[in-house]
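Take a look at the structure below.
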Amino acid sequence: MKTVIIILCTALLAGCAPGDHPEPAPSPFADTLLRHVYDCADRRDSAGLAAWLDAPQDYLVLAALQGFSAFGNRIPVARIGELATDKTAPDAVRVMAVYVLGQRASAECLAPLTAALHEDEDAVSAEAIASLARQLPGAPDPSIDAEARQALLETVIGLLLNTPTDSEVLRSALGRAGAHIHRSYSGDDRLLVRLVQELRFARGDDRYLMANAMARYTGAWDPAEIDFVKRWLTSEKDHQVRSAIMTMLGRIGDEESVSLLRTYATNPAVPVMVRINALRALTLQKKQDPLFYVSLLSVADEGVLGELLMLMQEKRIRLHADSVLNRCGQHASSFIRAQALGVALADRPSLLGSVNAAVTSAPDDMEKAYFLRALGNCNDPRQLAGILLPFLTDATHPVTASAAADALVQCASQSPVACDCGSMIRETFAAGDPGAMSVLSGMLGDSQVRIVPEIKDLAFMREALNSLTLPRDIEAFNAIQQALNRLEGTSAPDRKPEYNHPIDWDYLSALGATPVVEISTAKGSFSIALEPMYSPGSVAAFCRWVEEGYYNNKPFHRVVNNFVIQTGCPRGDGWGSASFTLRSEFGLHHYRAGAVGLASAGTDTESCQWFVTHLPTPHLEGRYTIIGYVNEGMDVVARITPGDMVINARLVKEKYDSGLH
């Protein structure tokens, strides 16, 4: 990995082959050849980009390979396979070639990936292990039959079991590959044992990656493994790793583990991320004790309290309404008050009027949206029609329209009676709010939800498709089309945005090699060191929006504890986009804690929304563009809660620092 960064950054920043100039140019994008390579990738010109794979300059070959990482099935597998196993090629080129092959799940890629496993260079073998593991999650590619997939699983696990303990790069691959495997399978006892063995040698993020892989194991834990986890907890100092151990205890689920989880969840001296994972692990248990959660209401601070109330709704754990309202009904946070009313409504249906009153009296659309979603805990959708319909059909207030749709879907999904909402759905589509239509499309065709009167004439959905503005509404378009596919038994593919926003190379060159953006909030500031070498088009667009003041006064509309904070939506609810889309830009950098990525509804649909990760999230790699990393202020990121605002975003410096950041 480090070899790749050094060659990519120093060669590209120099705008020439390595070694030609002792001093790098102030911007790598003054190089016209490099621009041509990136433009081929941006236009998704497979033939044009493939020609650069034979360029005499290694840095151009490397850039072309990086460009192919977002092409999916349209890559020249044979040529890239040759580069992956060419011992005369620089290690950086071979590693990038292996990475690109791993981005495509197909039988055609298995042979060159397997061949790359046996290379002498650890970096090449490590990326081959991680790339083979990436072939396993998700829906199987038709070209890999069940027998071949099982053989692949056995091959990868066999390799992981024999990973040398004296190689840092291979150890990192072990953690990432283990997480991929346990994400799709119950796990392998041998792999769990191997992860335990390697932990004593791991450092930094690798420790969390291994702990995360172990936490995803859903098989049976033997007594020795259980004893190891409990002893490990007493000595572990890293908060991220301890949070993963909480999940392991939840998987184990014996009496002592549950007792430990309760202790950690209620101890205010324990870091919030650890307490939140302890709480989540407790809700995994088959037997629940509502009285414990009620007692936790009195000691939980805001971060844990919000998580507790959301979990009670998600897991449908009923708490006594008075207990919840006495503790949270007057909380300073409107988000907490809304969550509390939702939990109380599930216990006491007569509170419907109180929730509706909170909606009416809320001072702005964001707060109204919180209380509207609380209505989803009503168990009879017939009672919600009069309350929700005015919001569903008012497209001038998009945040409340989508929130009302969320409430209707939640209520319908848990209602014991048929959902009398056929006419509401038609009226919502007629009103034309893209967010509300997207939410309701997810419910249409769901065999678990009975809608009356039954919707047979789907012309209104096709009319809605024609009313959308593309590419801005691409997510809504595909959501409606997917619903039509389910209802009609068809298989129309998702719409892919046309190429619509070329990279502004002059602007990007003026930014310098390492632009930094500062984000100011009421809870403090954090800064983002951007990486235009990996994502030039995305960084250029992001900086333009920053300089135009677009992100100022935008809410963090999505906060998932121990995962991400997200902002940048023009609507304020996550369903919005700019008038143009960006190309997906992937590369050999990782989603570690503090990674800044672009939200996406599929390849090449990125736009103005962005997020910051709380923890390493390897499952996002190769799926979401990374534009940079938080280099100051992660403590501020950790304190952000739903509804907090970006007060100001500004470009604070552009400097050259050799590219090794």
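The values are calculated or read from the model by the stated rules, or taken from the named source; none is laboratory data. What you see is a predicted model; the values in this text were computed from it and never measured. Ideal geometry is used to build each Cβ from the backbone, glycine not excepted, and the neighbour counts take in all protein chains shown. Just the protein is used for accessible areas: all its heavy atoms, side chains included, with ligands, DNA and RNA removed. Shrake-Rupley method; radii C 1.70, N 1.55, O 1.52, S 1.80 Å.
The HN-Hα couplings worked out from phi for segment 397-407 by the Karplus form 6.51 cos²θ - 1.76 cosθ + 1.60 (θ = phi - 60°) are 10, x, 4, 6, 5, 6, 5, 5, 5, 4, 5 Hz, whole numbers, x standing for Gly and Pro. For G594, the residues whose amide H sits under 5 Å from its own are T613, H614, L615, ignoring neighbours fewer than 5 places away on the same chain, with H placed 1.01 Å from N.
Answer rounded, prolate or oblate for segment 486-572, using the Cα gyration tensor with square roots of eigenvalues a ≥ b ≥ c: rounded when a/c is under 1.5, else prolate when a/b is larger than b/c, else oblate. Write down the numbers at each step before the final one.
Working: a/c = 2.35, a/b = 1.29, b/c = 1.82.
Oblate, because a/c is 1.5 or more while a/b does not exceed b/c.
By a 1.4 Å probe calculation restricted to protein chains, W610 has an accessible surface near 0 Å², given to the nearest 10.
Taking the Cα centre of the chain as origin, work out the dipole magnitude from +1 charges on Lys and Arg Cβ and -1 charges on Asp and Glu Cβ, in debye rounded to 20. Please report the intermediate quantities before stating the final value.
Working: 59 positive and 77 negative charges, 335 e Å.
The dipole magnitude comes to about 1600 debye.
Once the Cβ-Cβ distance of T360 and E463 is raised to the sixth power relative to R0 = 30 Å, the FRET efficiency obtained is 0.40.
The value of relative contact order for segment 435-486, using C-alpha pairs under 8 Å at least six residues apart, is 62 percent. With the highest mean first, a sort of the peptides 373-380, 117-124, 577-584 on other beta-carbon atoms found within 10 angstrom per residue produces 373-380, 577-584, 117-124.
Normalised per residue, the accessible area of the chain is 39 Å², obtained with a 1.4 Å probe and no contribution from ligands, DNA or RNA.
3J(HN,Hα) along segment 123-130, derived from phi through the Karplus expression 6.51 cos²θ - 1.76 cosθ + 1.60 where θ = phi - 60°, amounts to 4, 5, 4, 5, 5, 5, 4, 5 Hz, with x in place of Gly and Pro. Close amide H contacts of I451 (hydrogens built in the peptide plane, cut-off under 5 Å, sequence separation of 5 or more or a different chain): C419.
Of S323, S535, the order by accessible heavy-atom surface (1.4 Å probe, DNA, RNA and ligands excluded), from most exposed downward, is S323, S535.
Summed over qualifying helices (DSSP H, 4 residues or more, each -39500 (n - 2.57)) and divided by its residue number, the chain shows a 222 nm mean residue ellipticity of -16000 deg cm²/dmol. Taking other residues whose beta carbon is less than 13 angstrom from the beta carbon of V229, and scoring Lys, Arg as +1 and Asp, Glu as -1, yields -2.
Using only the Cα atoms of segment 394-490, build the gyration tensor, take square roots of its eigenvalues as a ≥ b ≥ c, and label the shape rounded, prolate or oblate: rounded if a/c is under 1.5, else prolate if a/b is larger than b/c, else oblate. Write out the running numbers ahead of the final one.
Details: a/c = 1.77, a/b = 1.24, b/c = 1.42.
Taking the square roots of the gyration eigenvalues as a ≥ b ≥ c, segment 394-490 is oblate.
For R190, the accessible area of its heavy atoms, probed at 1.4 Å with every protein chain present, is near 110 square angstrom.
Close amide H pairs (under 5 Å, H built 1.01 Å from N) link Q609 with A599, residues at least 5 positions away or on another chain.
In the context of the full protein assembly, H397 retains an accessible surface of approximately 70 Å², using a probe radius of 1.4 Å and ignoring ligands and nucleic acids. Summarising the label geometry, the points placed 7 Å from Cα in the beta-carbon direction at I647 and Q448 lie 4.3 nm from one another.
Can you give the relative contact order of the chain as a percent, counting alpha carbon pairs under 8 Å and 6+ residues apart? Mind dumping the intermediate values first?
Numbers: 1205 pairs, mean separation 67.5, N = 661.
Relative contact order of the chain: 10 percent.
The candidates F29, F477, arranged from most to least accessible area with a 1.4 Å probe in the full protein assembly, appear as F477, F29.
Could you order the peptides 336-342, 641-647 from most to least packed, using the average number of other C-beta atoms within 10 Å per residue? Could the numbers behind the result be given before it?
Values: 336-342: 25.6, 641-647: 17.9.
In descending order of packing, they fall as 336-342, 641-647.
Count Lys and Arg as plus one, Asp and Glu as minus one, and take only other residues whose Cβ is under 14 Å from that of G524; the net charge is then -2.
Taking every alpha-carbon pair under 8 Å whose residues sit at least 6 apart, segment 135-255 reaches a relative contact order of 24 percent.
Of the cross-linked pairs K286/K315; K496/K554; K287/K315, those separated by over 18 Å at the C-alpha level are K496/K554.
Order the peptides 353-364, 90-101 from the highest to the lowest mean number of other Cβ atoms within 10 Å of their residues.
Working: 353-364: 15.5, 90-101: 26.7.
Sorting 353-364, 90-101 by mean packing, highest first, produces 90-101, 353-364.
Could you work out how far helix 205-215 tilts from the main Cα principal axis of the chain, as a 0 to 90 degree angle to the nearest 10? Roughly 50 degrees, rounded to the nearest 10.
Using R0 = 35 Å, the C-beta based FRET efficiency linking D635 and T263 works out to 0.90.
Please compute the net charge surrounding A220, taking Lys and Arg as +1 and Asp and Glu as -1 over other residues with Cβ under 13 Å from its Cβ. Mind dumping the intermediate values first?
On the way: positive: R251; negative: D188, D189, D222, E225, D254.
It works out to a net charge of -4.
The 3J(HN,Hα) values that the Karplus relation (6.51, -1.76, 1.60; θ = phi - 60°) gives for segment 190-195 are, in residue order, 5, 5, 4, 4, 4, 4 Hz. Gly and Pro appear as x.
Measure off, as a whole percent, the carbon and sulfur share of the 1.4 Å-probe accessible area of segment 69-210, all protein chains present. Don't jump to the answer; show the numbers that get you there.
Details: 2820 of 5560 Å².
Solvent-exposed carbon and sulfur of segment 69-210 make up 51 percent of the total.
For Y499 and A395, calculate 0.36 nm times their separation in residues minus their Cα-Cα distance, and state this gained length in nm to one decimal. It would help to have the intermediate numbers written out before the result.
Values: separation 104, 0.36 × 104 = 37.44 nm, distance 2.85 nm.
Length gained, Y499 through A395: 34.6 nm.
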